[in-house]
Amino acid sequence: MRTRRLLLWLLCAGSAFALGAVLDRRLPRSAEAVEASLRDSLREPDPLARVSQLARASSRVRAQNTSAVRKLLESEPPGELESRMLAHAWGRADTANALRDAQSLTPQRSGLLEEIAYASALRDPDATLDALRTSRALERRLATMLVRGWAQTPDFRSATGYVESVEDPGVQQQLMGWIALARLERDGPEAVFRWAEEISEDAPHRFKRLAHREAARVVAQADPKRAAAWVEASTGRPYATGTVRIVATKWVEADPDAAFAWLLSQPAGPERDQAMKMAFHRWFNRDVKAAGAWLTKAPPGPALDPAIGIYAPWLALESPEEALAWARRIENPALRIRCLIRVGQVWLTVDPVAARAWLAEADLPAEVKATIDTPARPPAKSAVRG
């Protein structure tokens with residue numbers, strides 16, 4: 001929700017600034033005149049009129065008069081939206097110096113550095129990167145805003161190259177996600193796919209795999225069917241590992257039946273098993289009854305093994321013998337044993353007498369029986385992993 005609000009603000013602000021630029025090309029731009037115009041705008045009581053007037057006044061901000069913006073932010077801090085508009089105007093007008101100068105703002109206003117970095121990157125990503133690289137701490141702090149702005153420019157491929165140089169895998173993944181999202185919003189799913197496919201398979205740190213995963217995630221959020229078709233076309237490629245799981249876990253949130261119908265059509269193997277496990281767990285955690293009903297009606301087969309591994313231990317809380325029957329349906333021997341152990345452990349917590357009677361007669365290896373007899377907490381619905 002916060003991301004959507006931010007994107008809406010950026011869209012509205014960009015349109016307003018563009019309109020203001022057209023209207024105010026011939027108006028005076030001295031620091032004093034710009035400051036007076038900005039102050040007049042902020043005094044407008046009507047919020048919509050205030051934003052419109054502020055956008056028009058902000059369009060006059062240039063490198064030579066940014067002192068007006070800084071003075072206003074420090075002497076009479078406006079509201080959050082207005083402050084961000086002013087910061088955006090500052091960063092856009094003076095990409096070479098805005099980040100450097102804004103670092104001396106009061107601590108209460110230091111959060112505006114993010115907005116300045118974004119606006120600077122929209123206008124001149126290379127200059128923005130140069131400014132950030134004067135401080136390693138500043139670059140780490142503002143890398144996300146740099147890439148988010150950079151990804152909106154025609155030079156988005158250079159933004160990808162910058163992300164490739166980032167050492168922290170978690171930050172790298174986040175930044176690649178922002179580039180994929182920008183591609184989707186500007187040009188649609190096909191542009192996202194082309195972006196991921198253009199990355200060389202020789203890129204270090206499994207970078208192409210990261211791009212494929214982020215492309216699958218971003219598109220699957222908006223159009224899981226289209227993402228699924230793209231993922232299928234890459235089946236078996238080393239860089240496509242994990243994309244089936246990503247699409248399935250996104251798709252199951254919108255249409256579980258369609259998601260699992262697609263999963264069951266995929267080639268057997270670890271990729272599908274992991275996707276089945278994660279997608280079923282997500283659905284099961286949200287709607288136990290619906291997930292259980294689907295599993296009951298689904299055609300039997302090894303593809304269901306991961307889902308049964310999640311369902312049976314939970315079922316053991318209320319119906320241990322039925323849970324055992326489900327566990328025995330698992331065709332993978334190792335997974336079947338693990339599921340039987342978990343079901344037996346749960347049974348021991350809810351009905352020790354009956355469970356021990358079953359365990360004494362069960363046709364199981366001695367080491368498996370010993371493991372079952374180890375105390376274990378009953379599974380919470382959200383904690384069942386199979």
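Every read-out reported here was derived from the displayed coordinates using simple, explicitly stated rules and does not represent laboratory data. Note that this is a predicted model, so its numbers are computed, not measured. Cβ: placed from backbone, ideal geometry, glycine included. Neighbour counts: every protein chain shown.
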Expressed as an acute angle from 0 to 90° and rounded to the nearest 10, what is the orientation of the C-alpha long axis of helix 113-123 relative to the principal long axis of the chain?
-> 80 degrees
Nitroxide proxy distance, nm - points 7 Å out along Cα→Cβ at Ala325 and Arg100 | 7.7 nm
Nearest 10, in degrees from 0 to 90: the angle of helix 189-198 to the longest Cα principal axis of the chain is 90 degrees
So what's the gap between the Cα centers of region 69-89 and region 210-266, to the nearest angstrom?
-> 43 Å
Find the relative contact order for the chain and round it to a whole percent, using C-alpha pairs within less than 8 Å whose residues are 6+ positions apart.
-> 7 percent
Helix-only [θ]222 nm of the chain, DSSP H runs n ≥ 4, -39500 (n - 2.57) each, per residue, nearest 500 = -22000 deg cm²/dmol
Contour minus end-to-end for Asp255 and Lys71, with contour as 0.36 nm per residue of separation and end-to-end as the Cα-Cα distance?
-> 61.0 nm
Stretched fully, the stretch from Arg206 through Ala360 gains (0.36 nm per residue minus C-alpha distance, one decimal, in nm) 50.4 nm
Using a Gaussian network model of the chain with C-alpha springs under 10 Å, which one of Phe284, Phe207, Phe193 is most mobile by mean-square fluctuation?
-> Phe284
Under a straight-distance cross-link criterion of Cα-Cα below 20 Å, which lysines are reachable from Lys277, leaving out those fewer than 8 residues away in the same chain?
-> Lys225, Lys250, Lys289, Lys297, Lys381
For a paramagnetic label modelled at 7 Å from the Cα of Arg194 toward its Cβ, which residues of region 147-169 fall within the zone defined by backbone nitrogen distances under 15 Å?
-> 153-158
From the Cα gyration tensor of region 151-286, with a ≥ b ≥ c the square roots of its eigenvalues, which class applies: rounded if a/c is under 1.5, or else prolate if a/b is larger than b/c, or else oblate?
-> prolate
Using alpha carbons only, how many degrees (0 to 90, rounded to 10) separate the axis of helix 224-233 from the longest principal axis of the chain?
-> 70 degrees
Potential extension, Asp373-Glu44 segment - 0.36 nm per residue separation minus Cα distance = 111.1 nm
Specify the inter-centroid distance of region 353-369 and region 277-345, based on alpha-carbon positions, in whole Å.
-> 20 Å
With all distinct Cα pairs included, what does the Kirkwood hydrodynamic radius of region 299-386 come out to in Å, to one decimal, could you say?
-> 12.7 Å
